[in-house]
Amino acid sequence: MAFLQGADIPLTAQFFEYAGGPGAVLTGVTVTVTKVGDSTPTLGPVSAGISNPANGLYTYTWTTTAATAPGDYLVVWGGVDGDLEAVQASETVTVTEAVTGTWASIQDVVDITGATVTDAQLRRAQYVIDLVSGRTYEIHTVLVEEGRTRDLRWLKQAVAYQAAWMAAQPDMFTRLNLTSVNQDTAQAQMGASALTLAPLARRALHQVSWQGTRSVQVRTQRSRLLPGQGVQPAGAPVRDYGWEEWEPLR
């Protein structure tokens, strides 16, 4: 089974007195977790924290952190049965990388907005910008490799503005999706995201390269001719010459 970094991973082993028989009662039960390919255990062997909810059934919760290396881990259970023989059981679990980055740092929020936010508030703002922008932090490496510094700057500003704004919106996640409010003779019209997205964050997101409409220039038949070719006859195919390279839309 696969678990994200930082997750509590439930480990379980079942021992029987014989195949299909009752659960075996063991003594000296331990559990050891070792990353596949490593010679030193990541955890254990430990016995403290192991539970025995039923005969032959043993459980343990392995608490990982963001520093736990992604990869496969071999879990080995050991103990001594009623015949004083050593017994073992094993399984493999996979720890996958949890993307924990944000487009902006806490210091960025201070520099851009003058507001101070917590790490939790920053991450909540990141999740909102992920949802609205249609891009998650997983593409950070791609943007860096492609030199998309402009997009990175706008995303940083969007998260910073959103984090500062959300700190003053304690009920943001429980608001109704309203577009207008009428009371007495006063009326207010709001955009679709006015209650959940900071105004300046919206402005920043409008600047990223994948937002808005796109246009593709279509060249005329005459403009595609090489010098000296003249006008092609009607119905002749229009060709892309060597300098006209096709590029995928991003």
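Rounded to the nearest whole Hz, the Karplus-based 3J(HN,Hα) values (6.51 cos²θ - 1.76 cosθ + 1.60, θ = phi - 60°) of the range 66-72 follow the sequence 5, 8, 5, 5, x, x, 8, with x at glycine and proline. Taking amide hydrogens as placed 1.01 Å from N in the peptide plane, the amide H of residue 196 sits under 5 Å from that of no residue at least 5 positions away in sequence or on another chain.
Note down the Stokes-Einstein diffusion coefficient of the range 1-149 in µm²/s, whole number, using a Kirkwood radius over alpha carbon pairs, 37 °C, and 0.692 mPa s. Walk me through the numbers before you get to the answer.
Working: Rh = 18.7 Å.
Translational D for this selection: 176 µm²/s.
The HN-Hα couplings worked out from phi for the range 34-42 by the Karplus form 6.51 cos²θ - 1.76 cosθ + 1.60 (θ = phi - 60°) are 10, 5, 4, x, 8, 9, 9, x, 6 Hz, whole numbers, x standing for Gly and Pro. Rounded to 0.05, the FRET efficiency of the residue 111 and residue 8 pair, given R0 = 25 Å and the Cβ-Cβ distance, is 0.10.
Sorting 151, 72, 81 by accessible area (1.4 Å probe), largest first, what list results?
Details: 151 5, 72 75, 81 30 Å².
Sorted by accessible area, descending: 72, 81, 151.
With a Förster radius of 35 Å applied to the beta-carbon distance between residue 81 and residue 119, the computed FRET efficiency rounds to 0.15.
The values are calculated or read from the model by the stated rules, or taken from the named source; none is laboratory data. Since the structure is predicted, the reported quantities are computational estimates derived from the model, not experimental observations. When we count neighbours, we look across all protein chains shown, and the Cβ atoms used for this are built from the backbone with ideal geometry, even at glycine. Note: areas computed on protein heavy atoms with side chains; ligands, DNA, RNA excluded. Shrake-Rupley method; radii C 1.70, N 1.55, O 1.52, S 1.80 Å.
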